[in-house]
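Trainee: One structure, pasted below without further comment.
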Amino acid sequence: MENILFEYPVREENSSLDEEFQVLKKQLTKLKYAVMISSFCALTMYFLSAFFAKAELIFYFLTALFVFIAMITGKIFVRYPKHLLHIKATENELQLAYYKDKKSTHTFAYSEIEEIHFADKSYTAVCIKREGRKPILFELNKDTPEQGFFLFTIQKILPAVCKTNSKEIVKKYGDEDDYYNRIYEGNN
């Protein structure tokens, strides 16, 4: 049995993560529909105000109300995590289960990884290139252990293949201990 160097989230079995992802998908679908319906109602109220001149003020008020509802629901939707990532790093391989629209599972032997780099300046997307295969892009939730894994931990496991600017990362997030202390304090 291989030693586990890093695992997030720590689960006895991944089935609970599958269930969590299904719940997340349903909630995101409800939020999408709430934004669409409230936007449609706002437009309807605005156009109806032109036909009912005597009740024009009521229709403008209802339009503003539905726009407000759409904005609030939209803000909730934007802040909601849209994906989940299960990471398990052992002595010889990296296992990732990525849940976005559907579940995709990837196992990388450390010997086959050519390069790992961030795909954006905010360090919320990581690209993993393997020998002779198409690169795989993963989105990361900001200020979570999954982001911390790719910012700090993977550099210790595979220093030769990580193409990251560690000075810039330390300047932005501090060192590994500071980063994890900050995100765990924020969760409590």
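Trainee: May I ask you to verify whether Lys129 is farther than 23 Å from Leu28 by Cβ and either in the same structural domain as Gln155 (by TED's automatic domain parsing) or loosely packed, with under 13 Cβ neighbours inside 10 Å (or both)?
Mentor: yes
Trainee: Let me ask something else. Need a quick list: helices (runs of 4 or more DSSP H) entirely within segment 98-183 having at least 1 residues that are hydroxyl-bearing (Ser, Thr, Tyr) and within 19 Å of the chain's Cα centre (by Cα). I'd like the intermediate steps shown before the answer.
Mentor: Values: elements: 145-148, 154-157, 166-173.
The qualifying helices (runs of 4 or more DSSP H) are 166-173.
Trainee: Right, here's the next one. Is it fair to say Phe66 is within 30 Å of Ala109 (Cβ to Cβ), of a type outside the set (S, T, N, Q) and surrounded by 13 or more Cβ atoms within 10 Å (Cβ to Cβ)?
Mentor: Considered against the rule, which asks whether it is within 30 Å of Ala109 (Cβ to Cβ), of a type outside the set (S, T, N, Q) and surrounded by 13 or more Cβ atoms within 10 Å (Cβ to Cβ), Phe66 comes out as no.
Trainee: Quick one: what pairs do we get from segment 48-63, first residue small (Gly, Ala, Ser), second outside any helix (DSSP H, G or I), C-beta under 6 Å, 6+ apart or different chains?
Mentor: none
Trainee: Within the group Leu151, Leu140, which residue is closer than 24 Å to Asn3 by Cα and in contact with a helix residue (DSSP H, G or I) (Cβ under 6 Å, 6 or more places away or on another chain)? Talk me through it step by step, then tell me what you get.
Mentor: Numbers: Leu140 fails: closer than 24 Å to Asn3 by Cα.
From the options Leu151, Leu140, the qualifying one is Leu151.
Trainee: Okay, moving on. Any residue in segment 161-175 that's touching a residue at least 24 places away in the same chain (Cβ under 8 Å) and within 23 Å of Lys129 (Cα to Cα): show its pairings with residues that are loosely packed, with under 13 Cβ neighbours inside 10 Å and among the aromatic types (Phe, Trp, Tyr) at Cβ separation under 8 Å, as long as the two are six or more apart or on different chains.
Mentor: Hits for this filter: zero, empty list.
The values are calculated or read from the model by the stated rules, or taken from the named source; none is laboratory data. All values reported here derive from a predicted model rather than from experimental measurement. Quick reminder, even Gly has a Cβ in these numbers, built from the backbone with ideal geometry, and neighbours come from all protein chains shown.
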